[in-house]
Amino acid sequence: MTKVISPSGVAAYEIKDGIAWVYFTRSEKRNCMSPTLNKEMGDLLAEIEFRDDFGVLVLTGEGTSWSAGMDLKEYFREAEAKGLGAIREAQAQAYSWWRKLRWYQKPTIAMVNGWCFGGAYGPLFACDLAFAAEDAQFGLSEINWGILPGGAASKIIRELANFRNSMYHAMMGENVDGKTAAQWGLVNEAVSADRLEDRVTEVAKVLLEKNPVALKATKDAIRRVGEMTYDNAEDYLVRAQEAANYFDNMGRKEGIKQFIDDKTFKPGLGAYDKSKQPVSE
Ligand code: COA
């Protein structure tokens, strides 16, 4: 399909072979996030979330940037000039699309092609997986212009990196490249820029073979258990699987059958053949 562009031209998506490619398309402003971009990206994600013609979403940026973080002019200066109501509205618009992405129905992948600063750590963390170009640049630049890393960026760096690297990154305002970002855990892998799209496509194709109900239950579980005691996690996971059974009561039975009875696949080596799965009862 052709690219569908948001009303102001700041975001776009196209669906190809089961993958939704979502773009920041404000490259002339290095894809920094204005209130307009936040509103239109939120609308775009909501509009496509439950379509059944894609199973994986990739978020990437046009041009040299993934996203240069919050728009210092429109998100900070202009909202502040309008007063507290406008500040809170701008925050809510940004935070709400990142939250939607954190709990998105489909698996999500950040494909970090270039600059990734400050507020952009919100959507970076919201994506389940992340792959970067080796020469992409990651930075908590907030300290360089006189604020703390807000918009949850301080929380995110502590979630993803260790204490010393988080502190250095936030206090020094120095950038790290994709390779270091991978070592720190900000992304899964860094690959050369010319291989980035192929690697992300390869990963997306593997995800497309998995049971989608199990994938949604799994991605939510991995996020949720991080904040639970062991006992609470044990209990949550029992109930989360039982809830997943409500949406798909045949997947796991078919998986067991293909392994134990048909001997056509081994779970240790890949996914069962979904095309043979009877419709859920
Ligand atoms: N907010 C507002 N405008 C931004 C922006 C941001 N976060 N990032 C880039 N822009 C604008 C620039 O003002 C410039 O606008 P202009 O063409 O009207 O002058 C345009 O985007 C291009 O940016 P430029 O700085 O010329 O591009 P570059 O490729 O030389 O540098 C960056 C890229 C990302 C290093 C640089 O733009 C930058 O430092 N951006 C701010 C990063 C940041 O601190 N983000 C905030 C985190 S909360």
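Nothing in this text is a laboratory measurement; each read-out follows from the coordinates by a stated rule. Treat the numbers as computed from the prediction; the structure is a model and nothing was measured. In this analysis, Cβ positions are derived from the backbone assuming ideal geometry, glycine residues included, and neighbour counts consider all displayed protein chains.
Gain in length, ARG99 to MET228, computed as 0.36 nm per residue apart minus the alpha-carbon separation, to one decimal in nm? Write out the running numbers ahead of the final one.
Details: separation 129, 0.36 × 129 = 46.44 nm, distance 1.91 nm.
Taking ARG99 through MET228 to full extension adds about 44.5 nm, to one decimal.
Figure the gain on full extension for SER27 and PHE50 (residue separation times 0.36 nm, minus the Cα-Cα span) and round it to one decimal in nm. All intermediate terms of the calculation are to be shown ahead of the outcome.
Values: separation 23, 0.36 × 23 = 8.28 nm, distance 2.80 nm.
Taking 0.36 nm per residue and subtracting the Cα distance, the gain is 5.5 nm.
Could you identify which residue out of ILE156, ILE147, ILE87 has the top mean-square fluctuation in a GNM of the chain using Cα springs shorter than 10 Å?
Largest GNM mean-square fluctuation: ILE147.
May I ask for the net charge around ASP71, where only other residues with Cβ less than 11 Å from the Cβ of ASP71 are counted and Lys, Arg are +1 while Asp, Glu are -1? Mind showing how you got there, number by number?
Details: positive: ARG26, LYS29, ARG30, LYS73, ARG77; negative: GLU74, GLU78.
Net of charged neighbours comes to +3.
Over 27 Å between Cα atoms, which of LYS179/LYS210; LYS3/LYS179; LYS29/LYS205; LYS39/LYS73 qualify?
The pairs that break the limit, which is 27 Å between Cα atoms, are LYS179/LYS210; LYS3/LYS179; LYS29/LYS205.
Could you calculate, for the stretch 15-128, the ratio of the Cα radius of gyration to the Kirkwood radius, expressed as Rg to Rh? Mind showing how you got there, number by number?
Numbers: Rg = 13.9 Å, Rh = 14.2 Å.
Rg/Rh for the stretch 15-128 comes to 0.98.
Rounded to two decimal places and with Rh computed the Kirkwood way over Cα pairs, what is Rg over Rh for the chain?
Details: Rg = 19.9 Å, Rh = 20.0 Å.
Rounded to two decimals, Rg/Rh equals 1.00.
When a footprinting reagent is the concern and you count Cβ atoms within 10 Å, what order do LEU57, LEU148 take, fewest first? Intermediate results must be reported in sequence, preceding the final value.
Working: LEU57 25, LEU148 10.
Arranged by neighbour count, lowest to highest, LEU57, LEU148 become LEU148, LEU57.
Using the Cα atoms of the stretch 71-165, I'd like the radius of gyration and the largest Cα-Cα distance, Dmax, both in angstrom.
In Å, with Rg to one decimal and Dmax whole: 14.2, 41.
Defining a contact as two alpha carbons under 8 Å apart and six or more residues distant in sequence, what relative contact order in percent does the chain show?
Details: 478 pairs, mean separation 37.1, N = 281.
It comes to 13 percent, rounded to a whole number.
How far apart, in nm, are two points set 7 Å out from the Cα along the Cα-to-Cβ line at LEU72 and at LYS263?
6.7 nm
Taking square-rooted eigenvalues a ≥ b ≥ c of the alpha carbon gyration tensor, is the stretch 161-281 rounded, prolate or oblate, where a/c under 1.5 means rounded and, failing that, a/b exceeding b/c means prolate? Walk me through the intermediate numbers first.
Numbers: a/c = 3.26, a/b = 1.61, b/c = 2.02.
Oblate, since a/c reaches 1.5 and b/c is not below a/b.
For the chain, with a Gaussian network of springs between Cα atoms less than 10 Å apart, report the residue from GLY85, GLY268, GLY178 with the top mean-square fluctuation.
With Cα springs under 10 Å in the chain, the top fluctuation among GLY85, GLY268, GLY178 is at GLY268.
When the scattering of the stretch 47-90 is computed by the Debye formula from its Cα atoms alone, each counted once and equally, what is log10 I(q)/I(0) at q = 0.22, 0.32 Å⁻¹?
Debye output, listed in q order: -0.78, -1.04.
With a cap of 14 neighbouring Cβ atoms within 10 Å, and only residues DSSP puts in a loop, list the GluC sites (Glu not before Pro) found in the stretch 131-226. Please report the intermediate quantities before stating the final value.
Numbers: sites: GLU134, GLU142, GLU159, GLU174, GLU189, GLU197, GLU202, GLU209; in loops: GLU134, GLU174.
Hits after loop and neighbour filter: GLU174.
Out of TRP97, TRP145, TRP184, any idea which swings most in a Gaussian network model of the chain, alpha carbons joined below 10 Å?
The residue with the greatest mean-square fluctuation here is TRP145.
What stretch of the chain, leaving out the sites themselves, is the longest with no trypsin sites (Lys or Arg not before Pro) in a DSSP loop having at most 16 other Cβ atoms within 10 Å? Walk me through the intermediate numbers first.
On the way: sites that count: LYS3, ARG51, LYS263.
Between exposed loop sites, the widest span is 52-262.
Take the alpha-carbon centre of the stretch 257-279, take the same for the stretch 28-102, and report the distance between them in whole Å.
40 Å
Of ASP273, ASP231, how do they rank once you tally other Cβ atoms within 10 Å and put the fewest first?
ASP231, ASP273
With each pseudo-label sitting 7 Å past Cα toward Cβ, what's the ALA81-ASP17 distance in nm, one decimal?
Placing both labels 7 Å beyond Cα along the Cβ direction yields 4.7 nm.
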